[in-house]
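Read through the structure below, which is laid out as C-alpha cells, and then see the notes.
The values are calculated or read from the model by the stated rules, or taken from the named source; none is laboratory data. A quick note: this is a predicted structure, and the numbers were derived from the prediction, not measured. We place every Cβ from the backbone using ideal geometry, glycine too, and count neighbours over all the protein chains shown.
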Amino acid sequence: MDEMRVNLSDVSNAIEMLVKSKNEGLLLDGNKLVQAYKMRGLLYMQTEFFLEAMNDYNKAFEIIEDMRKNNNHIDENVLAEIHAAKGIIYFRLGEFQNASLDTGNSINIWKSLLIRGLPINEEMLESIEEINALIITYSNDDKNKSLEYFCKSIDDDENLKNIDQSLDISRLANKYYFNALNYIQTEEKNKAIVNLNKCIDLFNEIGMQNLNNDDKKILSSAYMCRGELYFQIDEDDDALNDYNCAVTIEELLKKDGVELNNYDIMDIIRLYTGRANVLEFLGNDGVIDDYIIALRFNKSVFNTFPQTQEDYYYYLDKLVDYLIEKSFDKICFNNIIQEFLFSLFYDEKTEEATKLQIFIHEKVKPYIN
C-alpha cells in the first residue's frame, strides 16, 4: 500500500507538470498526458477508488477529443485501454448498459487495429471479450452473444486441455459456470445442468485446498444453482445434497474470515431460502434455522438493495406460516416476530414491502402477547 501511495504521488506530480506544460503551449504530444491520466486511473481502480479513477479516464477522453479536433495523432491502443477500464468499473458498479458500451468500444478499436495489421495487446482483448460476455450474462440483454462466446471459448480450452499442461483449469471451470447462468436465464435446464456438472467436476479435480476464495464462491454458487434446478425437476434428494455442499463451502469461507460483499450476501440469502424450501418439502429439520439465517443476512442489505425488501417479507411470511402450522414454542415465536417484524416496523421501505409487513402483522396478532 505504501508503494501504491508513492506511485500515485509520482504520477500526480507528473500530471501537474504535463498540465502546466499544456496550458503554456509547451506540451507537443498530448498522448503523454493521456497516458498519465490512464496510469493514475489504474492506480485508483486497484484501490477501488472508482469515482477518482472515472474522473481521470474522463479527463483523458477530453484531451483525446481536443487532439482529434486538431488532427493530432492518437494512440488508439491507449484509447481502447481506457474504454476497457471504464467498462470494468461500470461492471463492478452494476451499471451494465454503460459497461457494455465501453467494453464494446474497446473491442471494436482493438479489432480494427488487428485488421490494419497493427500490434495490440491480444491478451487484454481476450480478457475484455470475456468481460463483455459476462456483462451480457448479468444483464437483461439477449444471451445469444454471451452463449456464443463461452461455447466457443470452452471448446477451444477443451481441445487444448489434454496437450497444454499450463491451461488454467479454474478459469475453464468459471467459463462453464457463466455459460450455465446463460442457459438458466434462457430456461434450458438440461444444458445448464450439463455445464454446472463440468464446472463442479473441474473444481473438485483441482481440490478445495487449491482453490482461491473467489473460486470457492463460484463453486458454492454452482452447487446452489444446480440444487435449484434439481428441485425444479423433482430430483429432491440431489437438490438437498447440492445445497448442503454449498452451505459447507460458505461455512468454510466464514471460518477463514473471508469478507463478503453485498452481492455475496445476496447469493447466501438465495442459498438458505432455497435449502429451506427443499427441507420443508421433504419434511426435514432445519427449515426454521435456514430462514432465520437468510433473514438476518437480508436485514444487512435491506436499505442497500430496496428490491430485496419484498423478498424479505415474502420469506418472513413463509416462516410465520411454518411456525403457526407446527405450533412452535411461543417464546421462540415471539422472539422471531420481534427480531424480524417489529425491529423494522418504522424503517423506510418500498410500498409493496410495507403492505406485506402490515399483512404479516395482522396474521401474527392472535399469536403474540
L114 - would you say it is surrounded by 18 or more Cβ atoms within 10 Å (Cβ to Cβ) and closer than 23 Å to I82 by Cα?
no
Taking the options G41, G87, name whichever one is farther than 21 Å from I15 by Cβ and either surrounded by fewer than 18 Cβ atoms within 10 Å (Cβ to Cβ) or touching a residue at least 40 places away in the same chain (Cβ under 8 Å) (or both).
G87
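Out of K152, K143, K161, which single residue is at pLDDT below 90 and closer than 24 Å to I206 by Cα?
K161
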F305 passes all but one of the listed conditions (1) among the aromatic types (F, W, Y); (2) assigned to a helix (DSSP H, G or I); (3) out of contact with any Ser or Thr (no Cβ under 9 Å at 6 or more places or on another chain); (4) within 18 Å of D267 (Cβ to Cβ); the exception is number (2)
All helices (runs of 4 or more DSSP H) inside the stretch 145-264 with 1 or more residues being over 22 Å from V278 (Cβ atoms) and acidic (D, E):
189-206, 213-232
Counted residues in the stretch 149-207 being of a type in the set (K, R) and within 19 Å of the chain's Cα centre (by Cα) come to 2
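Take the conditions in a loop (DSSP other than H, G, I, E, B), polar (S, T, N, Q), in contact (Cβ under 8 Å) with a residue 40 or more places away in the chain and within 20 Å of L341 (Cβ to Cβ) and apply them to N284. Does it pass?
In short, no.
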For N190, state whether it is loosely packed, with under 13 Cβ neighbours inside 10 Å and at pLDDT 95 or above.
yes
Filter the stretch 244-293 for residues that are within 24 Å of Y322 (Cα to Cα) and among the polar types (S, T, N, Q); which is surrounded by the fewest Cβ atoms within 10 Å (Cβ to Cβ)?
N284
Kindly indicate whether any position in the stretch 310-327 is surrounded by fewer than 16 Cβ atoms within 10 Å (Cβ to Cβ) and part of a loop (DSSP other than H, G, I, E, B).
yes
